Amino acid sequence: MKYVVNKVDVLKEKQRIIDFWNENNENELDKKFSWFYESNPDGKADTWLLTEETSSEIVGMATLFPRFFDNQGKTYRAGIQGDFFISKKHRSFGPALTLIRSISESFKDLNYDFIYGFPNRAAEPILRRAGFKKLGRLEKHVRLFDIERLLNEKFHAHNAIISVTAKLGNVFLSLLYPDTWNFNFKRYRDNVSLSLQKDVKDLTENYSRNCFSTQKSFEYLRWKYEQDPDDKNFFFTVLDLDNKIIGCIVFRFDSNTIEIREIIYRDNQLEFMDLLSHFFRYAKNKKVEYAYFVSYENSCVLSRISDLQLSHANYGRSIYFLTNKVADSEGEITRLITESKLNLHNTDEDT
């Protein structure tokens, strides 16, 4: 069977893309399309469709979502490789490779400096064959608050015994974390809202000094976290006694846990620790089992957060990247990506 790959105008092909997606996925694309494909402040998505040659039936799709990265005053345009799938009848290595190769061979003409993605394990061999390189793993970093459910899963004791044991264990667990002993709470006040406060703008220009980081513009953060059609995100801000913001954490409740989706802070290690200490106290009062965030295993932000002694585990996905050979002719972009300067989280994908 022969296939054809074409880059399409996502707005002109909107209904065909939505119909194909909805026929092959449990979650419908309608709301996400309007949000992520049409209103992304970093630009319109580039989408490729794989069709069966004789019937012109859509059998696969893949998209690059634009995203800007900053480093020491220089901006780079990246493409996030996402929304990649093949319909079940055609789900084999050949059609998938044909589709991804069409992207890897043409993206240099689309003004991208590099592309990256967090593929599932089934897609990793396809990306490698298409020229992508594996950067490293995503890791989950956890601040644990309550071990009762964990004890119930591991032991079959009476509920009363588990409850008493959990309470004692939680006290001991809390004492192990440095944030428990951070007594700077009187120096700051915190606030939680459903909208991003304007003073967060003052925090969004710090990252490129020390890290190769996604551009965290105020407009992008508002779009991504306030307008998300699938999730309700909250903004936790901490201010000093002069009402000057020291940091903001974007988070969402995920069942009986809290996922930290973004950490925005001034370039000050002590304030960074105070921000997270405040947030963990807030999370603990919400009676959740744990709070967590997911990042690249060598992310530069981890050098700051290591003092908190969080638990960590493999998240089950790796990061792959491919550079534009023209833009990266001297290896500058590859060095920025691979030399532990990258600040990347799981939320830096196509959500």
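Observations on the model:
- Ellipticity at 222 nm from helices only: DSSP H runs of n ≥ 4 in the chain, each -39500 (n - 2.57), divided by the residue count, give -8000 deg cm²/dmol.
- Among (1) 6, 26, 30, 20, 12, 5, 1, 0; (2) 5, 22, 30, 23, 14, 5, 1, 0; (3) 6, 27, 35, 22, 9, 2, 0, the entry that matches P(r) over Cα pairs in 10 Å bins from 0, in percent as calculated here: (2)
- Which of Thr347, Thr323, Thr334 has the fewest Cβ neighbours within 10 Å, and the rest in rising order: Thr334, Thr347, Thr323
- Flagged links, alpha-carbon separation over 20 Å, of Lys74/Lys216; Lys7/Lys31; Lys198/Lys224: Lys7/Lys31
- DSSP beta bridges in the chain [antiparallel fraction, %, rounded to 5]: 90
- Nearby aspartates and glutamates by direct alpha-carbon distance to Lys89 (threshold 14 angstrom, same-chain neighbours under 8 apart not counted): Glu23, Glu52, Glu57
- In loop segments of region 162-235 as defined by DSSP, the chymotrypsin sites (Phe, Trp or Tyr not before Pro) with at most 16 further C-beta atoms inside 10 Å of their C-beta are Phe183.
- DSSP-defined beta bridges in region 3-131 - what % are antiparallel, rounded to 5: 90
- Listed by chain and number, the aspartates and glutamates whose alpha-carbon sits under 18 Å from that of Lys186, ignoring those within fewer than 8 places in the same chain, are Asp240, Asp242, Glu271, Asp274.
The numbers here are math on the coordinates, done by the rules we state, and not lab data. Because the structure is predicted, anything quoted here is derived from the model rather than measured. All Cβ positions, glycine included, derive from the backbone under ideal geometry; neighbour counts span all protein chains shown.
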